[in-house]
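Heads up, the thing below is written out as structure tokens.
Computed from the coordinates by the stated procedures, all read-outs in this text should not be read as laboratory data. Values in this document were obtained by computation on a predicted structure and should not be read as measured data. Ideal geometry is used to build each Cβ from the backbone, glycine not excepted, and the neighbour counts take in all protein chains shown.
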Amino acid sequence: MWHTSEWNHDYDLTGKRVAIIGTGPSTAQIAPQIQPIVKKLTLFQRSPTYVFPRRDEPIDPRLITLFTWFWPALLCYHLYLYVLKEKSKPNQFVGTPEQIMAGKVALAHLHNQVKDPVLRAKLTPNHEFGCKRPLVLDDYYPIFEKPNVELITNKPVRITKDSIISDPPSLLPKEVLDKEPDGAYDVPEIADDHKEVETKIDVLIWGTGFEMRDQGGNFQVYGLDGVNLHELWHEEPAAYYGIFFSVFVSDYRYLCEPIP
């Protein structure tokens, strides 16, 4: 058992029954790499997210030659990529044409790569684009239709010495679901889903992400009048475009506005 950030390189996964809890960016990158060698790969999903096609391909050798011998061309290409990325900012704003189009592009990618309608429904995001970090991968969706891969949308409730016990939302108490993030385990259920499931495993990998709320916890940052950033933010960091924030020092409240 280990976390994706602390990979056990000494353990050979060949022929093993592997379960990964979480389907975020790290899992989405790891799963396609280990799927061909494991006996069974089970992914436990709390909620799906949008996935863009990566379209990763080798750079044309003629471009490499051009960039090597004529650096202004490389500079122009760099500026082109910069402008392209800057123009993507409206993707994150609710109701913009760019946000709507981004969602359509991601869903088209899902439909192109997943043909099973039941599986596709479980992988379809139930939130607007921008609410969660999107993925950019070409090899993630195809693994779900491999014979040795299973997607489970139940909530893991118990771990034994050789298995994971999971319950569908219909069996979970309301107080348990209320503690989950919005949209958690909110996927279509089929008839066979309305029961507790035991999944036999040899290896458990935690793909549960990282502690992002404790901003400033690893090092101390002090602002005007000795205000400590860690004490100010607690578990709710907020800033203007992620760059500036101003403080009422008297009661440690903050405003999301730029500092003049």
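Assorted remarks:
- Taking P(r) over Cα pairs in 10 Å bins from 0, in percent as calculated from this structure, the corresponding entry among (i) 7, 33, 40, 18, 2; (ii) 6, 21, 27, 25, 16, 5, 0; (iii) 7, 30, 37, 23, 4, 0 is (ii).
- Adding -39500 (n - 2.57) for every DSSP H run of four residues or longer, then dividing by how many residues the chain holds, sets the calculated 222 nm ellipticity at -7500 deg cm²/dmol.
- Evaluating 6.51 cos²θ - 1.76 cosθ + 1.60 at θ = phi - 60° for every residue in segment 41-54, the Karplus couplings come out as 10, 10, 10, 9, 10, 7, 7, x, 9, 7, 10, 9, x, 7 Hz, glycine and proline recorded as x.
- Per-residue packing, averaged as other Cβ atoms within 10 Å, sorts the ranges 49-62, 119-132 into the order 119-132, 49-62, beginning with the highest.
- When each of K39/K200; K122/K161; K40/K195 is checked by Cα-Cα distance, pairs over 18 Å: K122/K161; K40/K195
- Protection proxy ranking, peptides 22-35, 90-103, 140-153, average beta carbon neighbours within 10 Å, highest first: 22-35, 140-153, 90-103
- Each principal axis of segment 28-93 carries a Cα extent, and these read 50, 37, 12 Å when sorted largest first.
- Relative contact order %, the chain, counting alpha carbon pairs below 8 Å whose residues are six or more apart: 25 percent
- Value in Å of the Kirkwood radius, where segment 76-145 supplies the Cα pairs that are averaged: 13.6 Å
- Centroid-to-centroid separation of segment 125-200 and segment 64-90 [C-alpha atoms, Å]: 40 Å
- Using a Förster distance of 51 Å, the FRET efficiency for F70-D202 (Cβ separation, nearest 0.05): 0.40
- Top of A108, A238, A73 by mean-square fluctuation, Gaussian network on the chain, Cα under 10 Å: A238
- Links that overshoot a 31 Å alpha carbon limit, given the list K104/K155; K146/K179; K132/K174; K87/K179: K146/K179; K87/K179
- Annotation: amide H of G24 has no partner in the under-5 Å range at sequence separation 5 or more or interchain, hydrogens built in the peptide plane.
- Considering only the chain, percent of DSSP beta bridges that pair antiparallel, nearest 5: 45 percent
- Shown in residue order for segment 16-21 are the 3J(HN,Hα) couplings computed by the Karplus curve 6.51 cos²θ - 1.76 cosθ + 1.60 at θ = phi - 60°: 9, 8, 10, 10, 10, 8 Hz (x for Gly and Pro).
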